[in-house]
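Structure, as structure tokens:
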Amino acid sequence: SIIFVGPKCTIAQAKKSPLLSSKRFVELDEAIDVVFYAPRDTSALKEELGISKEQIVCVCVAPYSYERKGCKYYVELARRFENDNRYAFVHVGFNVDPSKENLPQNYKAIGFLKDQNKLADYYSLGDLFVFPSLLDTMPNACLEALSAGTPLLCFDTSGMPYIADETVASFVEPKNVDAMEAVVRHTGKKTEVTIKLCREYALKRYDNREYYK
């Protein structure tokens, strides 16, 4: 017999289909390389980007030009903190000319990274990983950030609420930059406790070694 396998949000939708209602379903999360995407020392990367050790760093990894990724809300969020030098906003995947986008001064636009080793450094860099997507099933970027020890801020829509629980993530109303701002203002420098909590959550759900078993 046919068995349909997928993450919880996908299975929930599939069960509503008249064509699939009598089929068997198995919920199975995505899996990532938790050995590769692990907490790293990012002091050299901070120096490269001109970010001080004291600054609270928000990181987003998403293609800027894809509207459904919601990156314009991340730019607006950064603008709320433009005059507060305690914060820095890093965006990896900025695939348009930054000089034409009127970005805030605290916004560091990085293009696509082919080097996954460098990308793993960026996941560790953040004190908060902001993923403002409006439509995603189970985005690997969020899972990889968690595995690197970084807590999440996502919109409460599509598959995002299924990624994590409130111990390692915050979920706010889609497109609500006020709510995003409130989360950032309550975010401090991540501690070893925070890193361990995020890391252990990722290991529990997204470890590709367990997935293959």
(request) Look at segment 65-90 and say how many of its residues are touching a His at 6+ places or on another chain (Cβ under 9 Å) and under 11 Å from PRO132 (Cα atoms). (result) 3
(message) Can you find a residue that is open to solvent by 50 Å² or more (accessible area, probe 1.4 Å), out of contact with any Asp or Glu (no Cβ under 6 Å at 6 or more places or on another chain), of a type outside the set (Asp, Glu) and not in a helix (DSSP H, G or I) anywhere in segment 69-82?
(response) no
(message) Taking the condition of being out of contact with any helix residue (DSSP H, G or I) (no Cβ under 7 Å at 6 or more places or on another chain), closer than 16 Å to SER43 by Cα and crowded, with 20+ Cβ neighbours inside 10 Å, how many residues in segment 88-118 meet it?
(response) 1
(request) Report, ordered by the first and then the second residue, all pairs with beta carbons closer than 7 Å, sequence separation of six or more or different chains, a first member in segment 157-173 that is closer than 15 Å to TYR74 by Cβ, and a second member that is surrounded by 15 or more Cβ atoms within 10 Å (Cβ to Cβ) and aromatic (Phe, Trp, Tyr). (result) MET160/PHE171; VAL172/PHE155
(request) Would you mind stating whether GLU27 is under 23 Å from CYS154 (Cβ atoms), among the charged types (D, E, K, R) and either surrounded by fewer than 18 Cβ atoms within 10 Å (Cβ to Cβ) or without any contact (Cβ under 8 Å) to a residue 60 or more places away in the chain (or both)? (result) yes
(message) Which of the numbered conditions does CYS60 fail, given that it passes all the others? Conditions: (1) crowded, with 16+ Cβ neighbours inside 10 Å; (2) more than 21 Å from GLU173 (Cβ to Cβ).
(response) (2)
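The values are calculated or read from the model by the stated rules, or taken from the named source; none is laboratory data. Please read these numbers as outputs of a predicted model, since none were measured by experiment. Cβ sites come from the backbone with ideal geometry, for glycine too, and all protein chains shown count toward neighbours. Keep in mind that these areas ignore ligands, DNA and RNA; they rest on the heavy atoms of the full protein, side chains included. Shrake-Rupley method; radii C 1.70, N 1.55, O 1.52, S 1.80 Å.
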